[in-house]
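See structure below.
The values are calculated or read from the model by the stated rules, or taken from the named source; none is laboratory data. No experiment lies behind these values; they were computed from the predicted model shown. A quick note on method: Cβ atoms are made from the backbone with ideal geometry, for glycine too, and the neighbour counts reach across all protein chains shown. Accessible surface areas use protein heavy atoms only, side chains included; no ligands, DNA or RNA. Shrake-Rupley method; radii C 1.70, N 1.55, O 1.52, S 1.80 Å.
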Amino acid sequence: MVSKSYSNLLEMSCGDGVDFRQPFKSLPRVVTSPGIISDPDWDTRSDGDSVGSASSVERKIIVANFLPLNCTKDEAGQWSFSRDDDALLMQLKDGFSNETDVIYVGSLKVQVDPSEQDQVAQKLLRDYRCIPTFLPPDLQQQFYHGFCKQQLWPLFHYMLPICLDKGELFDRSLFQAYVRANKLFADKVMEAINTDDDHVWVHDYHLMLLPTFLRKRLHRIKLGFFLHSPFPSSEIYRSLPVRDEILKSLLNADLIGFQTFDYARHFLSCCSRLLGLHYESKRGYIGIDYFGRTVSLKILSVGVHVGRLESILKLPATVKKVQEIEQRYKGKMLMLGVDDMDIFKGISLKLLGLELLLDRNPKLRGKVVLVQIVNPARSTGKDVEEAITESVSVAERINLKYGSVDYKPVVLIDHRIPFYEKIAFYAASDCCIVNALRDGMNLVPYEYTVCRQGNEEIDNARGSDTNCHHTSTLIVSEFVGCSPSLSGAFRVNPWSVDDVADALHHATDLTESEKRLRHEKHYRYVRSHSVAYWAHSFAQDLERACKDHYSRRCWAIGFGLNFRVIALSPGFRKLSLEHFASSYNKATRRAIFLDYDGTLVPQSSINKAPSDELITILNSLCDDPKNDVFIVSGRARSLLDEWFAPCQKLGIAAEHGYFVRWNKAAEWESSYPNHDFEWKHIAEPVMQVYTETTDGSSIEPKESALVWHYLDADHDFGSCQAKELLGHLERVLSNEPVVVKCGHYIVEVKPQGVSKGLVVDKVIHRLMNNGKTPDFVVCIGNDRSDEDMFKSIDSMTSSSAFPAVPEVFACSVGQKPSKAKYYVDDAGEVVRLLKNVAGISSHREAVSHGRVTFRDVMDYVE
């Protein structure tokens with residue numbers, strides 16, 4: 001949707017640009033209060049507040065901290081802008097069709113005076129399809145250099161804030177700046193969004209709160225997020241004081257992308273441990289169930305723009321530079337390192353590895369040169385200054401120790417060089433080493449591989465046969481994101497200087513055929529997994545992740561950063577107390593089925609016994625001659641018998657319906673009176689082994705079943721043990737008449753054919769056979785086992801067995817995907833609901849005894 005402020009901007013910059021304010025060609029669904037998307041009869045006229053054009057042109061809105069632009073200001077004070085063709089965000093356009101309209105939202109790398117911002121914004125939109133986000137200097141400092149670089153970036157690279165004197169501890173004011181900045185970015189994205197069919201793709205850790213701000217305004221926005229940095233393990237991430245807020249915001253995206261499976265695994269572990277969420281893999285896609293929405297995960301590392309690198313390789317300046325470098329280091333093995341100057345790139349450890357190599361192998365002195373190109377630091381601070389000082393010091397020591405007048409083992413290039421010159425070093429180097437301590441991806445090995453493939457111009461300059469085989473050698477830290485994809489590289493532990501030195505030695509000792517085979521393997525991968533392939537694949541998966549947007553009913557809940565959207569089936573709605581009471585009052589025969597744990601008492605309650613109020617409510621319902629009330633629970637019959645002893649007329653189905661009692665005076669009936677429980681002698685010892693090895697787990701023996709609980713165990717270990725136990729029990733009990741099932745933090749073994757659905761079916765059929773066919777059926781539950789009841793009731797009431805279709809209230813406790821048609825918020829609301837209709841029953845009983853009038857009853861209902 002286009003805001004008014006952006007409409008003005010469009011007017012001023014219309015020129016040859018696209019007019020976003022054209023009338024609809026096809027009317028999209030729109031957000032309506034309270035968060036439900038409907039199909040309104042909307043006039044297609046264009047007005048100031050209308051949603052923009054739904055043209056057939058596909059639009060992608062790319063959001064990142066910085067726009068892919070180069071910015072300069074001349075002496076006359078005039079701004080000059082140009083596309084940064086080497087920027088990843090600019091290159092990913094090749095993954096989209098030529099007809100796709102790509103719009104960029106982000107900030108500039110320079111400060112623009114407020115008086116110039118409107119003019120600059122118009123120019124960038126008109127000429128470059130960019131919408132700038134202008135952050136005030138103080139906010140930019142706190143947001144980027146403060147929270148992003150001082151707190152998020154170190155933490156995501158496994159550096160915990162433990163030093164009080166370095167200002168590393170969490171600073172709430174910096175997080176507030178992060179929130180404000182993300183909100184400003186969201187405002188700009190909303191200006192760019194034109195129709196509900198637009199795709200928004202947010203990039204990296206600077207904007208992790210953006211999904212919440214965008215989802216709050218457009219519940220069905222097609223929103224993807226890609227994290228370019230590592231995602232730390234849960235033990236590291238959980239130290240962040242705002243961990244939940246960031247996780248919940250990321251889960252407001254439809255698709256979350258990661259460079260490697262390790263990063264995705266850490267994210268899933270955090271969601272599981274901190275938020276209690278479950279995930280599963282279906283048909284190759286990993287999905288997290290988040291309040292009825294399936295948040296998909298994408299695991300695919302970024303690639304390089306092969307065409308761009310090849311075009312620079314062909315430049316005469318590049319070819320000339322390659323010749324110059326090869327002539328300068330003729331007769332020597334040229335090794336190359338290209339790194340940003342920061343504390344995680346491992347430059348000093350790389351140099352120490354070279355020092356150890358030369359110390360151990362005197363014959364290599366004078367024959368090996370490491371050219372280390374150091375890109376300028378992206379942030380400032382004491383740590384960066386120390387890293388620079390240390391690298392220079394080690395390089396000088398090595399050169400002093402092993403160098404000579406005409407030989408330097410280490411050539412440190414610590415100033416900015418043209419990109420073509422860097423490409424030339426790639427093409428001329430025999431080996432490339434990336435020794436980062438932790439890095440989200442690092443595309444240097446990919447760029448090196450492409451450049452080593454060379455071209456006809458370089459081969460001719462060398463005097464080589466253009467059909468000759470090309471070679472390359474890679475040494476890669478096992479802690480960088482590109483490592484898993486480079487199976488032919490020497491993988492090293494950067495913390496082990498011995499490991500690095502050994503890899504360098506192996507690189508000097510490779511045969512030409514080995515170098516060629518390794519190169520060909522890497523080149524095939526890099527060429528097929530380019531940046532275009534990555535962008536196209538992500539866009540495809542985002543479209544797939546959003547395909548069910550309009551088949552669900554959306555509700556917005558939560559405030560601030562706890563905001564989330566609940567997606568439910570169209571027929572699933574909150575149970576109306578008035579409608580329920582009115583239908584209850586009109587009914588002539590009622591069947592009421594109630595789960596216990598999580599339905600009549602909160603799941604989190606320590607004391608699970610029913611309260612006096614609940615006992616009174618149940619007795620009031622049971623005293624109504626029109627009612628048949630049943631508690632249907634998985635608990636043991638002895639415990640339920642004890643808890644509901646005051647309820648003389650209450651029916652109880654214990655252990656998921658294995659035992660049934662119609663009232664306290666009746667005998668317990670068993671669905672399987674002659675069942676053999678010899679299987680318990682097989683299952684219980686197996687469960688005992690897992691209980692002894694899983695701290696916090698326990699066994700609950702029942703008359704008809706055995707249950708292994710792991711709620712109090714470590715989440716990941718308990719889940720792992722549960723899966724193992726499930727498989728173990730299925731194998732040893734394969735010939736027994738039992739089923740093994742996983743539930744909510746349980747593994748249960750019970751006789752075949754026992755379920756809450758079957759007992760509900762049995763009770764209703766008994767009522768019908770006794771001439772008590774209900775015209776009002778209530779079933780309330782909160783977990784998976786209760787879904788069987790909902791399914792059974794729906795099947796029965798829609799069959800021809802009933803003389804007339806009864807009014808059915810199948811109700812889930814909590815807003816979540818369910819076979820029920822209604823929901824209530826919690827167990828407290830269930831009790832209030834039952835208390836209300838129990839009052840109706842009590843008043844009707846009073847009418848029958850002449851204590852009140854029928855009008856009094858109707859007034860009570862109203």
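Taking region 533-568 as the range and being assigned to a loop (DSSP other than H, G, I, E, B) and among the charged types (D, E, K, R) as the test, the residues that pass are Lys547, Asp548, Arg552. In the set (1) within 35 Å of the chain's Cα centre (by Cα); (2) free of Cβ contacts under 8 Å to residues at least 24 places away in the same chain; (3) more than 22 Å from Asn619 (Cα to Cα), the condition left unmet by Pro817 is number (2).
The helices (runs of 4 or more DSSP H) found wholly in region 347-441 and carrying at least 3 residues that are free of Cβ contacts under 8 Å to residues at least 60 places away in the same chain occupy 347-360, 382-402. Against the definition (modelled with pLDDT under 95, more than 22 Å from Lys750 (Cα to Cα) and open to solvent by 40 Å² or more (accessible area, probe 1.4 Å)), how does Pro625 come out, yes or no? In short, yes. Report yes if some residue within region 726-743 is modelled with pLDDT of 90 or more, open to solvent by less than 40 Å² (accessible area, probe 1.4 Å), farther than 30 Å from Arg766 by Cβ and in contact with a His (Cβ under 8 Å, 6 or more places away or on another chain); otherwise report no. Looking for residues that are modelled with pLDDT of 90 or more, open to solvent by less than 40 Å² (accessible area, probe 1.4 Å), farther than 30 Å from Arg766 by Cβ and in contact with a His (Cβ under 8 Å, 6 or more places away or on another chain), one finds none in region 726-743, hence no. Summed over region 787-841, the residues that are crowded, with 19+ Cβ neighbours inside 10 Å, in contact with a His (Cβ under 9 Å, 6 or more places away or on another chain) and among the small types (Gly, Ala, Ser) give a count of 0. Summed over region 289-328, residues that are among the β-branched types (Val, Ile, Thr), buried (at least 21 other Cβ atoms within 10 Å of the Cβ) and within 30 Å of His549 (Cβ to Cβ) total 2. So is Glu457 outside any loop (DSSP other than H, G, I, E, B) and at pLDDT below 95 or not? So Glu457 passes the test. What number of residues within region 302-331 are in contact with a helix residue (DSSP H, G or I) (Cβ under 6 Å, 6 or more places away or on another chain) and hydroxyl-bearing (Ser, Thr, Tyr)? The qualifying residues number 1. Mind listing just one residue for me: the one in region 707-725 that is in contact with a Phe, Trp or Tyr (Cβ under 9 Å, 6 or more places away or on another chain) and in a strand (DSSP E or B) and, of those, surrounded by the most Cβ atoms within 10 Å (Cβ to Cβ)? For region 707-725, the residue satisfying everything is Trp708. Annotation note: of Val110, Val120, Val102, the sole residue that is touching a Phe, Trp or Tyr at 6+ places or on another chain (Cβ under 9 Å), farther than 18 Å from Met208 by Cα and part of a helix (DSSP H, G or I) is Val120. Beta carbons closer than 7 Å, at least 6 apart along the sequence or on distinct chains, never pair a first residue in region 211-234 that is in the same structural domain as Phe479 (by the TED database) and within 17 Å of Lys60 (Cβ to Cβ) with a second that is surrounded by fewer than 22 Cβ atoms within 10 Å (Cβ to Cβ) and hydrophobic (A, V, I, L, M, F, W, C). Selection of region 815-838 for residues being modelled with pLDDT under 85 and not polar (S, T, N, Q) yields Lys816, Pro817.
Here is a yes/no grid of residues against (1) open to solvent by 10 Å² or more (accessible area, probe 1.4 Å); (2) within 29 Å of Thr318 (Cα to Cα):
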position: Leu358; (1), (2): no, no
position: Asn361; (1), (2): yes, no
position: Ile373; (1), (2): no, yes
position: Leu400; (1), (2): yes, no
position: Val405; (1), (2): yes, yes
position: Arg416; (1), (2): yes, yes
position: Phe419; (1), (2): yes, yes
position: Ala424; (1), (2): no, yes
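Among the residues of this structure, Val189 does not count as one that is outside any helix (DSSP H, G or I) and in the same structural domain as Thr100 (by the TED database). Can you confirm whether region 478-501 contains a residue that is part of a helix (DSSP H, G or I), acidic (Asp, Glu) and at pLDDT below 95? No, every residue in region 478-501 fails to be part of a helix (DSSP H, G or I), acidic (Asp, Glu) and at pLDDT below 95. Scan region 170-216 for residues that are of a type in the set (Gly, Ala, Ser), modelled with pLDDT of 95 or more and over 23 Å from Leu160 (Cβ atoms) and report the count. Of the residues in region 170-216, 2 are of a type in the set (Gly, Ala, Ser), modelled with pLDDT of 95 or more and over 23 Å from Leu160 (Cβ atoms).
Yes/no matrix, rows are residues, columns are (1) over 30 Å from Thr100 (Cα atoms); (2) open to solvent by 60 Å² or more (accessible area, probe 1.4 Å):
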residue	(1), (2)
Ala489	yes, no
Asp502	yes, yes
Ala507	yes, no
Leu517	yes, yes
Arg527	no, yes
Ala532	no, no
Ala539	no, no
Ser551	no, no
Ala556	yes, no
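When region 567-588 is filtered for residues that are crowded, with 18+ Cβ neighbours inside 10 Å, among the small types (Gly, Ala, Ser) and over 30 Å from Asp624 (Cα atoms), only Ala567 remains. Taking (1) out of contact with any Lys or Arg (no Cβ under 7 Å at 6 or more places or on another chain); (2) outside any helix (DSSP H, G or I) in turn, Tyr158 satisfies each apart from (1). Give the residue that is nearest to Glu58 (Cα to Cα), with candidates limited to residues of region 119-132 that are touching a residue at least 12 places away in the same chain (Cβ under 8 Å) and open to solvent by 10 Å² or more (accessible area, probe 1.4 Å). Step by step, filter region 119-132, then rank; the result is Arg129. Under the condition of being under 22 Å from Asn194 (Cβ atoms) and without any contact (Cβ under 8 Å) to a residue 40 or more places away in the chain, which residue from region 89-117 is surrounded by the fewest Cβ atoms within 10 Å (Cβ to Cβ)? Ranking the candidates gives Asn98 first. Scan (1) in contact with a strand residue (DSSP E or B) (Cβ under 9 Å, 6 or more places away or on another chain); (2) in contact (Cβ under 8 Å) with a residue 60 or more places away in the chain; (3) not in a loop (DSSP other than H, G, I, E, B) for the single condition Cys271 breaks and write down its number. All conditions are met except number (2).
Look at region 745-758: where a residue is assigned to a loop (DSSP other than H, G, I, E, B) and a partner is aliphatic (A, V, I, L, M), sitting 6+ places away or on another chain with Cβ atoms under 7 Å, you get Tyr745/Leu711; Gln752/Val738; Gln752/Val739. The single condition from (1) surrounded by fewer than 21 Cβ atoms within 10 Å (Cβ to Cβ); (2) modelled with pLDDT under 95; (3) closer than 24 Å to Lys515 by Cβ that Glu390 fails is (3). Open to solvent by less than 50 Å² (accessible area, probe 1.4 Å) and among the basic types (Lys, Arg): does that describe Arg462? No; evaluated as a whole, the condition is false for this residue.
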